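To start, the structure under review is shown below, and the notes come after it.
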Amino acid sequence: MRVTGRDYRRHCALALVSAALLAFQIALLQIIATSQWHHFAAFVISIALLGFGAAGTLLALTRNWMVTHQDQLLPLLLSACAAALAGALWLTRALFGGFDSLLLFVDPGELLRLVAVACLLMLPFLCGALAIGLIFTAGAERIGSYYFANMLGSGIGCPLGLVGLSLLLPQQLPPLCAMLPLAATGILLAGERRSANHLGLLLAVGLTSVALLHPAQLPLSQYKDLSRTLDLPGATIIARHPAAAGQVHVVAAPGLRSATGVSLNWSGPLPSTAAVFVNGDMVGSLPPTPGQVDPRDASTYALPYALGMSHEVLVLDAGTGSAVLQALARGAARVVAVESHGLLAEVLAASAPESFGRLIADPAVAWQQTAPRTWLARDRQSYDLVILPDAGSFGGNAGLFALHEQPLLTREALGQAWQRLSPEGLLAITAWVDYPVRTPVRLAASLVEMLVNAGVSDPAAHIAAVRSWGTITFCVKRTPFKAAEVQRVRAFATRWSFDPALLPGLQAEERQTHNRLQDGTFLTLLEALFDERRTTLYNDYAFRIQPVSDDRPFFAQFLRWYRLEAMLALYGQRTLPFLESGLLVAGLAALVLVFLATVLILLPLTRLPSTTRRGWRTLLYFGGLGIGYMWTELALIHRFVFYLGQPVYATALVIGVMLTGSAIGSALTGRLKRLRPGRWTALVAAALLLHALLLAPILQATLPLALQGRITLALLALLPAAVVMGMPFPLGLRLLNREQPAQVPWAWGINGCCSVVGAAMATLLAVEVGYSLLLVLAAGAYLVAVASCNSRAAPARPR
Amino acid sequence: MRSLSVLPYMVFVLLLWIALLSVCSTRAESNRATERMAMVTEQIVARGVKDPATVAAMRAVPRHRFVPRIQAASAYADRPLPIGHGQTISQPFIVAYMTEIVRPGPGRKILEIGTGSGYQAAVLAATGAEVYSIEIIPELATAAAARLRELGYGAVQTRAADGYYGWAEQAPFDAIIVTAASEFVPPPLIEQLKDAGLMILPVGSPFFVQTLMLVQKHGEAITSANLMPVRFVPFRRAE
């Protein structure tokens, strides 16, 4: 087949618009995660991405007309895509500025706003996808190379988006993304004389220029930590820094103070401080400056120091450095502070040299910028004290973190932390006591199982816990607590009006001297964890409280679906979402997406010729590919984030390699004409099953390698599978074009819809069955596609 | 000339419109009063709030005047409502529960931290207590002060300031209600409590009060108790 100049231009346009849409998606995720919450961001973006499915439907319904007018339509669609990229956020703010996701369960009108916002944000995806789909449909015989350009462009868009987020504020990115489809339009129009197209381009250029000069952003939810802090009189932003891992804000206000869980006996001053936010969520406050007293010593956080001196201390998820400062103040000779956010330490050191800066400069402190889990797996030193990050948050978190992976609170992580302890070493972790009680019980269960797995015969002899009015701090010791240590814990508790909750030899009446609980369930549950009642408790308690594993690292996900009705009866429809909103929103999102996707998929059937009505094979094949690809991608991201230790860059690497690999695979199908879709799809399924079986142990065994070695291994593991995964779609589409050309845009739409639904369902499946099984299920989705190929082969050969 | 001839009709229509609005408004007020009585019976008394002063105050204070106009129809619903600036007006039951605990009445001096809409302060004032209320967000403080005056609760002393410092000039207090709790209890507030005084703080997210923390001062000893407004039944599988 002869390749013309027009083809080259279309390939370039495809790559550019694909890159723009992916970069925009990445920017949008951070914009909404900052202005609202992460799981709402996923919800809104999923609906917006249905623009791909809607484009397929539109194309299927108007295929002949669009293909006939493709030369006029393509530049117009790309200009419209650019205009929508530049203006969607601005329009969203202008029309629905008051949207607040937390009010969704309070004000029904908010749901309409949410749908309207999602629809507006769908526009760029719809226009861009229409352009992509039109090129695919009109040039289905060259689908291999077109799909190559599409995948390659997306593969480039991912790092482009991340680089953009590292250098600019996220709201500045959409107009920049718009410049790519503008360039694509220019390329398509080179040498052409169509005034309507040139006018469209001119308008889009004008709009993009305005958006570049006046970037818009969605308004911050009034319930976000950052928003509430900025509402304080005299609040000022003292530092703001873009970062791919989440933009950092440092805010100071005269009325802003921090003394997490400080004792009611504390009578010292609590000076004003500055708070630190990542994507609008507070991650902590700056540690005190020299000369200021640290109220942390009057909180349960001081328990490990009450037990004795710790010379070597490891602080995981060091954040704003409060735990590091406390360790130094209590005599630690060396502190290793591990923090995964790449820029946090740098920004804080620059904006707060007096408080945080001195920690960075202290020769006794070693700051390590890596994922704490990777550090735990690779580090071979031992420590007198290992401090884990807090579990839960003040007032509960309303389930907002239910879908957040917390890799430091899994069975495996605790086991690794235990291994790092010196012979007399301590592991310390603090939790907020929530109600109904979930977080500290799951934490205690995890610690007990850690001890059991380590071969400790009497776990109760190794755990001490002290409870204040709001927090509980657990200390787990490598050797059983001695009588003198037990006395020290009692003295510490008495001094600050805390109550021992777990301690060898503890009497029942000692547990509620200072802080009474009207509902004693918590203490009963803690007791039950140490004997044979533990398993019964896991099964019977209203919430999930069994320890979580690396395969399902959702520590803050407590909801049991079968208890939903009872919970609704107790708390009411409008209150329950504020108890456990994360999974509910994800479930709701999946339902909405399935409904919308079904409508979009079924709609074209009314217009397809009657001879093509047996489209269920097309549905199964392209649907299976869409779902399987997304499930694979998400399962692999999970594995490699842990392996490579840099969540943002590991995600970029996996997506980038997957898309580039798929692009190569797609290009190969253009050269190897005799390939059969069924066989290659079966090969994908086999490769995924192999990954599910072998990947985890291989990664575990090679974790000690240097970063370059691990990246090489990641490329070796990902690339072959990605190449094969890029083949079934173009192969299937080319075959379909020969057999049922009218179904080509429909098939593309099915693939788009199922990818979005697949992504939404992946989170729910990961929570319920874990990432390993998700990979197996992805293989299953590909096998469904294989089955549809086999049934296709017999009747439908081209005549 | 022609325009002058339609003037009487326009005036008539305007007057008719005003009369209609007035009737609707009176009916709306009457409906709100009925809703309020039902709220007290079904949401407050039925859940165990028995203190006569509290119940009478909850019956008397027009809650719908303390919520944004757009939320007025939901004012007596069994839930908190947004009032702007990330703040809420608490669920009626929580307001009654907290009021009952601080045992308000004539001669009792009560400090409220977080005026918000002013509703809690009005309920306390309606019991005859001497009420002082502090709000850190200036916009909320100004609006609440005006609303309290307008509705006849001008005796409530309000101040736009940082609640951390309490109201030292008027201390000590019999009770302190902190309507928006933080991760710590400000030491000055404990200092400003009378001996045997008590402080109550809700703990939870803006739309869901998990527990109420009751802090009691007995000389030098400070104790806390976690009270559960909604009791949860553990160890149960779904029937």
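The values are calculated or read from the model by the stated rules, or taken from the named source; none is laboratory data. Keep in mind that what you see is a predicted model, and the values were worked out from it rather than measured. FYI the Cβ positions are ideal-geometry reconstructions off the backbone, even for glycines, and counts take in every protein chain you see.
The table below lists the values:
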{"quantity": "Number of the exception - A:L256 against (1) out of contact with any Asp or Glu (no Cβ under 6 Å at 6 or more places or on another chain); (2) away from chain B (no Cβ under 11 Å)", "calculated": "(2)"}
{"quantity": "Condition met for A:A349 (at negative phi and either buried (at least 21 other Cβ atoms within 10 Å of the Cβ) or of a type in the set (V, I, T) (or both))", "calculated": "no"}
{"quantity": "Test for B:M98: is it of a type in the set (A, V, I, L, M, F, W, C) and either crowded, with 23+ Cβ neighbours inside 10 Å or under 23 Å from B:R159 (Cβ atoms) (or both)", "calculated": "yes"}
{"quantity": "Tally of residues being more than 14 Å from chain B (Cβ to nearest Cβ) and either among the aromatic types (F, W, Y) or over 33 Å from the mean Cα position of the chain (by Cα) (or both) across region A:288-302", "calculated": "4"}
{"quantity": "Entirely in region A:658-749, the helices (runs of 4 or more DSSP H) that have 2 or more residues that are over 28 Å from A:L773 (Cα atoms) and of a type in the set (K, R)", "calculated": "A:728-739"}
{"quantity": "Strands (runs of 3 or more DSSP E) wholly inside region B:125-234 containing at least 3 residues that are among the basic types (K, R) and within 11 Å of chain A (Cβ to nearest Cβ)", "calculated": "none"}
{"quantity": "Residues within region A:97-124 that are more than 14 Å from chain B (Cβ to nearest Cβ) and surrounded by 18 or more Cβ atoms within 10 Å (Cβ to Cβ), tallied", "calculated": "8"}
{"quantity": "Test: residue in region A:268-278 that is at the interface with chain B (Cβ under 10 Å from one of its Cβ atoms), buried (at least 18 other Cβ atoms within 10 Å of the Cβ) and more than 32 Å from the chain's Cα centre (by Cα)", "calculated": "yes"}
{"quantity": "Every residue from region B:113-124 that is on the phi > 0 side of the Ramachandran plot and within 14 Å of chain A (Cβ to nearest Cβ)", "calculated": "B:G114, B:G116"}
{"quantity": "Scope region A:416-472; condition basic (K, R) and farther than 22 Å from A:A318 by Cβ; matching residues", "calculated": "A:R438, A:R442, A:R467"}
{"quantity": "Yes/no for A:I360 being more than 14 Å from chain B (Cβ to nearest Cβ) and closer than 30 Å to B:S205 by Cβ", "calculated": "no"}
{"quantity": "Failed item in (1) under 23 Å from A:L414 (Cβ atoms); (2) of a type outside the set (S, T, Y); (3) buried (at least 16 other Cβ atoms within 10 Å of the Cβ), with A:L583 passing the rest", "calculated": "(1)"}
{"quantity": "When residues of region A:532-566 are limited to those that are among the aliphatic types (A, V, I, L, M) and more than 9 Å from chain B (Cβ to nearest Cβ), the one farthest from B:R79 (Cα to Cα)", "calculated": "A:V548"}
{"quantity": "Yes/no for A:P233 being within 14 Å of chain B (Cβ to nearest Cβ), closer than 30 Å to A:L103 by Cβ and either among the small types (G, A, S) or not in a helix (DSSP H, G or I) (or both)", "calculated": "yes"}
{"quantity": "In region A:508-544, residue surrounded by the most Cβ atoms within 10 Å (Cβ to Cβ) [restricted to those that are under 32 Å from the mean Cα position of the chain (by Cα) and assigned to a loop (DSSP other than H, G, I, E, B)]", "calculated": "A:Y541"}
{"quantity": "Answer from A:L359, A:L409, A:L426, A:L421 - the residue that is at pLDDT 90 or above and surrounded by fewer than 23 Cβ atoms within 10 Å (Cβ to Cβ)", "calculated": "A:L421"}
{"quantity": "Residue match in region A:461-482 (condition: in contact with a helix residue (DSSP H, G or I) (Cβ under 6 Å, 6 or more places away or on another chain) and surrounded by fewer than 17 Cβ atoms within 10 Å (Cβ to Cβ))", "calculated": "yes"}
{"quantity": "Region B:43-88 - residue that is without any contact (Cβ under 8 Å) to a residue 60 or more places away in the chain, more than 14 Å from chain A (Cβ to nearest Cβ) and assigned to a helix (DSSP H, G or I) and, of those, nearest to B:E29 (Cα to Cα)", "calculated": "B:H64"}
{"quantity": "Any helices (runs of 4 or more DSSP H) falling wholly within region A:1-86 and containing at least 2 residues that are without any contact (Cβ under 8 Å) to a residue 24 or more places away in the chain and surrounded by fewer than 24 Cβ atoms within 10 Å (Cβ to Cβ)", "calculated": "A:5-35, A:63-68"}
{"quantity": "Qualifying position, being on the phi < 0 side of the Ramachandran plot and over 15 Å from the mean Cα position of the chain (by Cα), among B:F93, B:F173", "calculated": "B:F173"}
{"quantity": "Residue match in region A:472-487 (condition: under 38 Å from the mean Cα position of the chain (by Cα) and within 14 Å of chain B (Cβ to nearest Cβ))", "calculated": "yes"}
{"quantity": "A:M630 vs. criteria in contact with an Asp or Glu (Cβ under 7 Å, 6 or more places away or on another chain) and either without any contact (Cβ under 8 Å) to a residue 12 or more places away in the chain or part of a helix (DSSP H, G or I) (or both)", "calculated": "no"}
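Okay, residues lined up against (1) β-branched (V, I, T); (2) at pLDDT 90 or above:
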| site | (1), (2) |
| --- | --- |
| A:F474 | no, yes |
| A:A483 | no, yes |
| A:T494 | yes, yes |
| A:L502 | no, yes |
| A:Q518 | no, no |
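Conditions tested, residue by residue: (1) crowded, with 23+ Cβ neighbours inside 10 Å; (2) free of Cβ contacts under 8 Å to residues at least 12 places away in the same chain; (3) farther than 21 Å from A:S340 by Cα; (4) out of contact with any Cys (no Cβ under 7 Å at 6 or more places or on another chain).
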{"position": "A:Y621", "(1), (2), (3), (4)": "yes, no, yes, no"}
{"position": "A:I637", "(1), (2), (3), (4)": "no, no, no, yes"}
{"position": "A:L653", "(1), (2), (3), (4)": "no, no, no, yes"}
{"position": "A:I664", "(1), (2), (3), (4)": "no, no, yes, yes"}
{"position": "A:T669", "(1), (2), (3), (4)": "yes, no, yes, yes"}
